[in-house]
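Heads up, the thing below is written out as structure tokens.
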Amino acid sequence: MNKKKKKTDLNQPSITESSRSDLPPIYHSEQQPLISVIILNYKGGHWMHRCLESIRQQTLFSQIETLVADNLSEDGSEQLCCKLLQNWPPGSARFIQNGGNFGYCKGNNLPAAQARGKWLLFLNNDTWFEPETLEKLLADAEKYHVTAAVPRILDYDSDNFQSLGAEGFDLLGFPTCRKDFHRPTPILMPEGCAYLVLRETFKKLGGFDENFFMYADELDLSWRIWLAGGTCMGFPGATLHHRGAAYVNSSGGEKIIELRTSDTKRFYANRNNLLVLLKQSGPVLWPIILLQILWLTAEGIAGSLLLRRISFFTNTVWAPIKDCWQKRSWLSAERQRLTPLRRHSDLWMIRHFLRLRLNRWDEFLRIRRLGLPKVSRH
């Protein structure tokens, strides 16, 4: 299969080039919107007004379908979201009650199944757009024929750079190198707070893996996209503001003033990073799995000593490894399911995406600035 064929398997034909006047005409409720913006909410009512208002202010608003999905919040979010959407143009927005706390993965898959846009944008509610963000993002996505992309992400309360996606993965298999590029650049992983992807590709690859629940889900999807012959890029011309960790670390309001984590968060993050490698990789990458386990073990021991409780190690190292082992039948089935879609080898992934800069270096810099994280059990 040649390179051109691989690309057309996943990427839809381009509608336009980048000029605004060339974009498709205004759609009506029965026509396909250019993009479906999917906002998953869980007890995030505080952030919804600015997020939704920034969508209303988009220069591309007439071609946007907005789906607000709620994971059964108990803070009045459902009533607030319905109120905020009630005066939107007919057919431009919907509220969807998922009916349970299904985490990031299933919580986003449910509204994605109802979306009609050519593109899907999975958007965190603690974000807001500059007025031309979506127009610029989609123009670049069409121009470069990408499968998935992310805009330039800045802090919520300032223009300080936050991310343009992870350029690659490090020697331990973690996503790394969140650099501020000056031109459209291929990346391993768009950030989950503003993940743009072709709807047909998302459906073809199975969407977000619901076994993950939350964390590392965007890494898993991006890895599948690359292995299946697609492309992911970061586009610095489009700008998004993002608070980050709004639910688990709410202190400081719009500005992060301290670091917080929990045994539960570390369980999902550690387990899911391992699951990505176990599900996607072959023998060439298996040594990285061992290195990652050794690193997590060292982190778990250090954390238990600092916190003076062995349960931190049990919950964040032993439990993730045990759960991966218990999922071995599912992992085998997933590897078989994904094999026919695979267009690139492990050697190809290493050549393009292995980076020397460790993911944990960025965490060390945050600790230097904000101090050691406060760790809760749940």
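FYI, it's all coordinate maths here, none of it is from the lab. Since this is a predicted model, take the numbers as computed values, not measurements. Positions of Cβ are generated from backbone atoms using ideal geometry, with glycine treated the same way; all protein chains shown enter the neighbour counts.
Of Pro131, Cys105, Leu291, which is farthest on the positive side of the dipole of the chain, counting Cα position, with +1 on Lys and Arg Cβ, -1 on Asp and Glu Cβ, and the Cα centre as origin?
Comparing the listed Cα positions along the dipole, Leu291 ranks first.
Using the alpha carbon gyration tensor of region 260-376, what are the three equivalent-ellipsoid semi-axes (square root of 5 times each eigenvalue), largest first, in whole Å? Mind showing how you got there, number by number?
Details: eigenvalues 167, 69, 24 Å².
The equivalent ellipsoid of region 260-376 has semi-axes of 29, 19, 11 Å.
I need the calculated FRET efficiency for the pair Ser376 and Leu85, taking r as the beta carbon distance and R₀ as 41 Å, to the nearest 0.05.
0.75
Magnitude of the Cβ-charge dipole of region 293-378, K/R +1 and D/E -1, about the Cα centre, nearest 20 debye?
Numbers: 18 positive and 6 negative charges, 36 e Å.
Dipole size: approximately 180 debye.
Grab the Cα-Cα distance for Arg94 and Gln326, subtract it from 0.36 nm times how many residues apart they are, and report the gain in nm with one decimal.
Numbers: separation 232, 0.36 × 232 = 83.52 nm, distance 3.87 nm.
Result for the pair: 79.7 nm of gain on full extension.
Give the residue from Asn160, Ile35, Ser311 lying farthest towards the positive end of the charge dipole for the chain; charges sit on Cβ (+1 for Lys and Arg, -1 for Asp and Glu) and the dipole is referred to the Cα centre.
Ser311
GNM, the chain, Cα, under 10 Å: largest mean-square fluctuation among Ser345, Ser329, Ser304?
Residue with maximal mean-square fluctuation among Ser345, Ser329, Ser304: Ser329.
Which value in nm describes the separation of the simple spin-label points at Ser62 and His49, placed 7 Å from the Cα toward the beta carbon?
Distance between the two pseudo-spin positions: 2.9 nm.
Sort Cys324, Cys232 by Cβ crowding within 10 Å, fewest neighbours at the top.
Ascending Cβ contact count within 10 Å gives the list Cys324, Cys232.
Between Phe181 and Ile257, what length in nm is gained on full extension when 0.36 nm per residue of separation is reduced by their alpha carbon distance? Kindly include the intermediate steps, with their values, before the conclusion.
Values: separation 76, 0.36 × 76 = 27.36 nm, distance 2.63 nm.
Here the segment from Phe181 to Ile257 would lengthen by 24.7 nm.
Arranged by the count of other C-beta atoms within 10 angstrom, fewest first, what order do His182, His242, His46 take?
On the way: His182 10, His242 21, His46 16.
Lowest count first: His182, His46, His242.
Fewest to most neighbouring Cβ within 10 Å: what's the order for Phe169, Phe212, Phe181?
Numbers: Phe169 26, Phe212 23, Phe181 16.
Least to most surrounded, the residues fall as Phe181, Phe212, Phe169.
Residue-wise, which Karplus ³J(HN,Hα) couplings in Hz belong to region 121-127, taking 6.51 cos²θ - 1.76 cosθ + 1.60, θ = phi - 60°, and x for glycine or proline?
Result, rounded to whole Hz: 10, 7, 10, 5, 6, 8, 9.
Let's test the formula: R0 of 35 Å, r as the Cβ-Cβ distance of Leu307 and Glu200. What FRET efficiency results, to the nearest 0.05?
Numbers: r = 46 Å, r/R0 = 1.33.
For R0 = 35 Å, the calculated efficiency reads 0.15.
For the chain, what is the charge dipole size about the Cα centre, in debye to the nearest 20, if Lys and Arg each add +1 at the Cβ and Asp and Glu each add -1 at the Cβ? List each step's numbers first, then the result.
Numbers: 49 positive and 38 negative charges, 260 e Å.
Rounded to the nearest 20 debye, it is 1240 debye.
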